[in-house]
1. List pairs: first in region 18-47 and without any contact (Cβ under 8 Å) to a residue 60 or more places away in the chain and under 28 Å from TYR8 (Cα atoms), second assigned to a helix (DSSP H, G or I) and of a type outside the set (Val, Ile, Thr), Cβ under 9 Å, 6+ apart or cross-chain?
2. Take the residues of region 26-52 that are modelled with pLDDT of 65 or more and of a type in the set (Ser, Thr, Tyr): which is surrounded by the fewest Cβ atoms within 10 Å (Cβ to Cβ)?
Amino acid sequence: MASLWQQYRALSPRTRIYIGLGGMAFALAGLYISDTMEDKLDPTKRQANQATTATSPDGSRAV
């Protein structure tokens, strides 16, 4: 049985390029999605935002 490296080297150069580009596209998509999710769901930013928009019991804004 051939090793994974030997099987990879047996692929045509064009196929290897497509595999590499696909891996890079997958990694870039993961970075973009994780950054977007972090901006939307980051608890420290949400807590800071909630602290600045909190209101007191009489309805006035807390400073």
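The values are calculated or read from the model by the stated rules, or taken from the named source; none is laboratory data. What you see is a predicted model; the values in this text were computed from it and never measured. Glycine also receives a Cβ, built like all others from the backbone with ideal geometry; neighbour counts cover every protein chain displayed.
1. ILE19/TYR8
2. The residue in question is THR44.
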